[in-house]
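Take a look at the structure set out below.
The values are calculated or read from the model by the stated rules, or taken from the named source; none is laboratory data. This structure is a prediction, so every number in the text was calculated from the model and none was measured. Cβ coordinates were reconstructed from backbone atoms using ideal geometry, including for glycine residues, and neighbour counts include every protein chain displayed.
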Amino acid sequence: MLWTLVLVPLLGAILLYLGGRRLGRFGLSLSAALVVLVTLVLAGLAVMSGWQGGVAWSETLALTLKLSAAGSVFAVTIPLIALPIVAYAGSHEVTLRFDQRRAEPQGRRLMAVLLAFVGAMQLLVLANDFLTLLIAWELVGACSWALISHKWGQVEVPKEAAQAFLVTRFGDLGLYIAAAAVFAGSGGFGYAGLAALDDGLLGVAIAGILLAAAAKSAQLPFSSWLFAAMAGPVPVSALLHSATMVAAGIYLLARLQPTLSTVEWFAPLVIAIGLATALVGGVVGIFQCHAKKLLAASTSAQYGLMWVAVGAGFPGVALLHFVAHAFLKAGLFLAAGLAERQTGSYQLHDMRQGGRLPGIALAVGVMSLALAGMVPLGAAWSKEQIAAAAGHQAVWLALLVSLAGGLSALYATRFQLLAYGRPLRRERSRLPDGPRPSRAESGSLMLLAGVTLLLSVVWWPEAQDWVAEVLPLALAKSKTWELVVSLVLVVLGIAVGFVMTRRQPRSSIWLERAAGWFGLPVAIQAIAQGAVMLGHFLARFDDRVVDGGLRGTARFGQWLARCQLARFDDRVVDAGLRGTARFGQWLARRHAQQGEAVSEGMPGLVIRLSEWGGYWARRAQSGQTHHYYTGISLGLAVILAILVIGAWL
Amino acid sequence: MILTVAWIVPLMGAVALAAFPRWSEARARQCAAGVAALSLLALVVAWVGFDPAGPLFQHVDEMRWVPSIGVAYRVGVDGIALAVATMSALLFVAAIVYPVDTLGQPRQYYAWLLFLQAVSLGVFLALDLLLFYVFFDLSLVGMFFLIGRWGHGTPQVSALKFFLYTFAGSLFLLLAIIGLYLSLDPFTFDMRVLIEQQPLAGSGLYAGLVFLALMLGFAIKTPLVPLHTWLPQAHVDAPGPASAILAGVLLKMGTYGMIRLPFAMMQETFAEYSLVVGIVALVAIVYGALVALGQSNLKRRIAYTSINHMGYTVLGIAAAAALFADNQTARQLALTGATVEMVAHGLITGALFLICGSFWQRTSDYELDHYGGLAHQAPLLTGFTVLAAFASLGMPGLAGFVAEFQVFAGTFAIYPWLTVLGVLGILITAALFLDLLRRLFFGRLPAHLGGFRDLEPAEWGVLGVLSLGILVIGVYPRILLTLIEASSAILVRVR
């Protein structure tokens, strides 16, 4: 029964794409939303009734599904987030044909792939073995490629989509190795087998898993693929950053944390990667002026914080922060899309839509504050939990987490004030007019803001008890001084954010470099170009040297045949023949002259035979290939005939 | 009996086509397609009647021929041969139905295709070494004429190069076969006896030389780097359907031969050299993928991906041959993966080369840079190419993944480092196919492609069937795996 969670969105996607030709905007949105809703209901049922699923490919290969604690959180959150995003996409991205009734095929494809994306992600979080996980892991990547390259007509877009796909697929290779290592050690692919591995194989498997998770979660050094992914439409980014794709990495770590943490280098490595990404990503967000890229950097940073939580031994905390972050980040992306509709670009400095869209600005404000980690919003609580978790390891770690929180407060403030702040007086007249957001668009945004607001209840002790009861995972005990330090840093971040947005943006090479992940995309592109150049070089090498060697051999053979052998043939072989003939003639003449022949017939026969033989031998040396072939085949036929006759006898 | 029907029927079809000079093009094509489909049907019947719990070789036919030297007409299949043969028959039907310019000689074209089908199936069905060798060589003749007479560019040169190069491989094979034959007492060409007796086990240098000759012969056919340079040239000048057959069926003879001859008949010797074979396969994987990335010609690029994919197959075979490794499950997984790769690669690359044929029919141009933005103009073509490309780069849910995953998982248990480096191949393949899709279908449409037509029903019908096969194997490979595992389990067992 657990398969229904996967199959409903996947089959729904196929049906919608093939059967939705006559649907308009509303029809498309409604049917897609219905599919997601059914998935959501099924996920709820599955969590309550403990379904399982499995299908065997062969004796060794079996796909198994099982709900884990982490999986349950994801299985419910994914459709919950996808629902408003799908509704928004139907209205924001789908364009109508000239008859103004039916949707363009691109829009239909977008909606279908969004559904497939949800299905693949459900498969990922339900998987109970590495084979199923790998299938889902790669499918999610393929879906994101299809979604990012939605506007394939623009020259740059397919390149960016390919970059995003390839960077994450490099991570997927780790999962191939991990699955193979688990098989080598346990004879199967189940998660349970991971714990049974010996030290060497376990190390290999965990390294592979970490590589895969880091690439998907956009941690250092893979962070910049999220910038490439910005070539996709807004709903795609919203889904990609909140509940799918990027979330896959943290899911896997949280799911397997008990086994992964048995290796001693796991915790320090994961904390180091997470913290580095959180801090660097925060700086990138502070200086980034492209609305979506600012949010993308923030995504890396926030997932970095979740990594810290897992590394510190609190996967439950990471899950809670994931949920809180998912709703607010989806909402912020949708908000960025609405602002872009008004101004025609994602440049933050051109936006300032607070005056035109006050209601939406308010809703976005709630989510920005949550991203900033401001009490009493839910995301603030989960961030404090991460700081507390880090504090269990070392005090300075907790301080660094709080610092990362301060950075996120800064860029969240910048985003809010620049995208949805009041316009500066001198710029007010330049505001162009865009279409008002549709009800579906603003409704989706409000819904996400509402859930973000609702999540504030986790500050209540009763709610915390409930969470601890439902999720069988440990929460961290927060200390008061940590909370105070965090809050001070958050307020400081907000204040600096206010100051920064008042000033005119200054451009310098250093700021640009900081805003672009300190040259990381350039480095990745250099690697890609290196591979392509190597390919070109090898292609030339293959043509000139490998094949050249062959051609050389052939030419040598021809030369040998034409000059040397032909001459040899003429002078030696043929001369021999002529010699024999002459010898025969001489012999015959001698016999005839001396008249002492044993018999009259013999020499004549010899002469005639040798003359005839010489003639034929000369004729056969005609230099014409087909004559040779005829001769060879005749000879073969004779041999075959002899063989057959021999067998008969 | 059913196997004899499977290869005799196309041969008789070829003779009939040659004998009736008045048939029109449509008639000749229908007749050829019908005959090829009959042959496919016979193999499907054989598949249904195959008992996975039964002996290694089933549906065996045997007839006295030349008993004094141990030659007999012997055909029979194990799961591996049956899977590859059925895939080949399907691909032949597809190649025959796919529309192509027959240059005014439709009868001859279809007759040669049917002849090639008969002898190709013969290679996979034969249980007699001499018969195997005869079919193996005759397949060269069929392909030689298909490339030389219906190719483009410099078809004569390419066909001659193809013929001579692969014929040189056959000579090595012949020497090795004689070597194997002479090692038996009493002399016989019966493959079952050879597999049973392992005559060269522990015979040192002699066995090594025979093994070397066998592997050289098959490596040229597969082809493995650096013996591969005949392949791209033959592909570029061959007509689309002939290319599909060349990549989908003829290359398989090399890897199938490796499993049937050295792997099954010389287990000990193969085990000794399995690491070397594995390293050569790794070179083929990485080198093939990188050179493919460097190509700007559509067909050459796909041709080089074949070298990469056949590398996976050989890697799987090499891992499965490592007798000394105690892990029998892993060896079986690798062998099964190698076989699935053969079937998957046949369908996927067959589809890709047919697509190349469609491009040639429309523009007579393979240069990637001359294309762009076709996604809107030709949505069906785009859809099928995207599917085949993703299948080729190993996307789960499609056939290639099932094969490559098993090869990697099985090989890792035996040669971990080969696997760790080998997976890089799927990354490079992904890069080159995404680049290919981008340059063909995305971006702006150049002005000269304004009249580019989308696929016709005959074309998308054929591609639809192949894609369905790719999808079915990718989603529910059980049908195929049951058949293959029945044999791979017996073959990897230590005797």
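Pick out, from region A:342-423, the helices (runs of 4 or more DSSP H) lying fully within it that include 3 or more residues that are on the phi > 0 side of the Ramachandran plot.
Values: elements: A:358-372, A:378-393, A:395-420.
Passing ranges: none, list empty.
It is to be established whether one or more residues within region B:323-330 are surrounded by 24 or more Cβ atoms within 10 Å (Cβ to Cβ) and either farther than 24 Å from B:V225 by Cα or modelled with pLDDT of 90 or more (or both). Before you say what the answer is, go through the steps one by one.
Quick first cut of region B:323-330, residues surrounded by 24 or more Cβ atoms within 10 Å (Cβ to Cβ) only: B:330.
Checking the rest, the ones that are also either farther than 24 Å from B:V225 by Cα or modelled with pLDDT of 90 or more (or both) come to B:330.
Within region B:323-330 (the criterion being surrounded by 24 or more Cβ atoms within 10 Å (Cβ to Cβ) and either farther than 24 Å from B:V225 by Cα or modelled with pLDDT of 90 or more (or both)), the answer is yes, since at least one residue qualifies.
One residue stands out among those in region B:454-466 that are surrounded by fewer than 21 Cβ atoms within 10 Å (Cβ to Cβ) and assigned to a helix (DSSP H, G or I): the one that is farthest from the other protein chains (Cβ to nearest Cβ), which is B:A458.
Of the residues A:A404, A:A388, A:A419, which is buried (at least 24 other Cβ atoms within 10 Å of the Cβ) and within 25 Å of A:G311 (Cβ to Cβ)? Walk me through how you get there before you give the answer.
Numbers: A:A388 fails: buried (at least 24 other Cβ atoms within 10 Å of the Cβ); A:A419 fails: within 25 Å of A:G311 (Cβ to Cβ).
After ruling out the rest, the residue left standing is A:A404.
In region A:211-221, the qualifying residues are those that are modelled with pLDDT of 90 or more and farther than 17 Å from A:L305 by Cβ, and the one that is surrounded by the most Cβ atoms within 10 Å (Cβ to Cβ) is A:A212.
Any chance region B:269-277 includes a residue that's over 26 Å from B:I355 (Cα atoms), among the polar types (S, T, N, Q) and outside any helix (DSSP H, G or I)?
Narrowing region B:269-277 to residues over 26 Å from B:I355 (Cα atoms): B:269-277.
In the following step, the residues that additionally are among the polar types (S, T, N, Q) were identified as B:269, B:274.
Then keep just the ones that are outside any helix (DSSP H, G or I); that gives none.
Checked region B:269-277: no residue is over 26 Å from B:I355 (Cα atoms), among the polar types (S, T, N, Q) and outside any helix (DSSP H, G or I).
Scanning region B:408-429 for residues that are buried (at least 19 other Cβ atoms within 10 Å of the Cβ), at the interface with another protein chain (Cβ under 10 Å from one of its Cβ atoms), in contact (Cβ under 8 Å) with a residue 40 or more places away in the chain and aliphatic (A, V, I, L, M) gives B:A409, B:A413, B:I414, B:I428.
Note on region A:241-263: residues that are of a type in the set (S, T, Y) and within 16 Å of A:G311 (Cα to Cα) amount to 4.
Take A:A75 and tell me if it is in contact with a Phe, Trp or Tyr (Cβ under 7 Å, 6 or more places away or on another chain) and crowded, with 23+ Cβ neighbours inside 10 Å. No, not satisfied.
Of the residues making up region B:430-451, those that are more than 10 Å from every other protein chain (Cβ to nearest Cβ) and either acidic (D, E) or in a helix (DSSP H, G or I) (or both) are B:L436, B:L440, B:A447, B:H448, B:L449. Could you check, for region B:99-111, whether at least one of its residues is at pLDDT 90 or above and under 24 Å from B:I348 (Cα atoms)? Yes: region B:99-111 contains one or more residues that are at pLDDT 90 or above and under 24 Å from B:I348 (Cα atoms). Residues in region A:37-66 that are at pLDDT 90 or above, away from chain B (no Cβ under 14 Å) and in contact with a strand residue (DSSP E or B) (Cβ under 9 Å, 6 or more places away or on another chain): A:T64, A:L65, A:K66.
Candidates in region B:378-403 are the residues that are under 18 Å from B:E459 (Cα atoms) and surrounded by fewer than 24 Cβ atoms within 10 Å (Cβ to Cβ); of these, the one that is nearest to the chain's Cα centre (by Cα) is B:L387.
Residue pairs whose Cβ atoms lie under 6 Å apart, sitting 6 or more positions apart in sequence or on different chains, and linking a residue in region B:225-252 that is more than 26 Å from B:A81 (Cβ to Cβ) and within 14 Å of chain A (Cβ to nearest Cβ) to a partner that is part of a loop (DSSP other than H, G, I, E, B) and among the basic types (K, R), do not occur here.
Being under 22 Å from the mean Cα position of the chain (by Cα) and within 22 Å of B:F57 (Cα to Cα), is that true of even one residue in region B:189-200? Yes - at least one qualifying residue is present in region B:189-200. If you go through region A:368-397 and pick out every residue that is under 13 Å from A:L487 (Cα atoms), of a type in the set (A, V, I, L, M, F, W, C) and more than 30 Å from the chain's Cα centre (by Cα), you end up with 7. A count restricted to region B:440-493 and to residues that are under 29 Å from B:N297 (Cβ atoms) and among the hydroxyl-bearing types (S, T, Y) stands at 1.
Please indicate, with yes or no, whether at least one residue in region B:62-80 is charged (D, E, K, R) and under 24 Å from B:L140 (Cβ atoms). Yes: region B:62-80 contains one or more residues that are charged (D, E, K, R) and under 24 Å from B:L140 (Cβ atoms).
Out of all the residues in region B:469-479, which are more than 16 Å from B:A95 (Cα to Cα) and in a helix (DSSP H, G or I)?
The initial filter retains those residues of region B:469-479 that are more than 16 Å from B:A95 (Cα to Cα), namely B:470-479.
Listed by number, the residues that qualify are B:I470, B:L471, B:V472, B:I473, B:G474, B:V475, B:R478, B:I479.
Regarding B:F359, is this residue more than 10 Å from chain A (Cβ to nearest Cβ) and either touching an Asp or Glu at 6+ places or on another chain (Cβ under 8 Å) or surrounded by fewer than 24 Cβ atoms within 10 Å (Cβ to Cβ) (or both)?
Values: more than 10 Å from chain A (Cβ to nearest Cβ): yes; either touching an Asp or Glu at 6+ places or on another chain (Cβ under 8 Å) or surrounded by fewer than 24 Cβ atoms within 10 Å (Cβ to Cβ) (or both): yes.
In short, yes.
Considering every residue within region B:27-39, establish whether at least one is at pLDDT below 95, surrounded by fewer than 17 Cβ atoms within 10 Å (Cβ to Cβ) and in a loop (DSSP other than H, G, I, E, B). Scanning region B:27-39 turns up no residue that is at pLDDT below 95, surrounded by fewer than 17 Cβ atoms within 10 Å (Cβ to Cβ) and in a loop (DSSP other than H, G, I, E, B). On inspection, B:W460 does not qualify as of a type in the set (F, W, Y) and without any contact (Cβ under 8 Å) to a residue 24 or more places away in the chain. Checked against (1) over 19 Å from the mean Cα position of the chain (by Cα); (2) away from chain A (no Cβ under 13 Å), B:A375 passes all but a single condition, namely (2).
Taken together, B:V66, B:V45 contain a single residue that is on the phi < 0 side of the Ramachandran plot, more than 21 Å from the chain's Cα centre (by Cα) and without any contact (Cβ under 8 Å) to a residue 12 or more places away in the chain, which is B:V66.
Rundown of residues vs (1) more than 7 Å from every other protein chain (Cβ to nearest Cβ); (2) β-branched (V, I, T); (3) on the phi > 0 side of the Ramachandran plot, yes/no style:
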position: A:V157; (1), (2), (3): yes, yes, no
position: A:E160; (1), (2), (3): yes, no, no
position: A:A164; (1), (2), (3): yes, no, no
position: A:G171; (1), (2), (3): yes, no, no
position: A:A179; (1), (2), (3): no, no, no
position: A:A184; (1), (2), (3): no, no, no
position: A:G190; (1), (2), (3): yes, no, no
position: A:L194; (1), (2), (3): yes, no, no
position: A:L197; (1), (2), (3): yes, no, no
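When A:L534, A:L520 are checked against the criterion of being closer than 30 Å to B:G425 by Cβ, more than 14 Å from chain B (Cβ to nearest Cβ) and modelled with pLDDT of 80 or more, A:L520 stands alone in meeting it.
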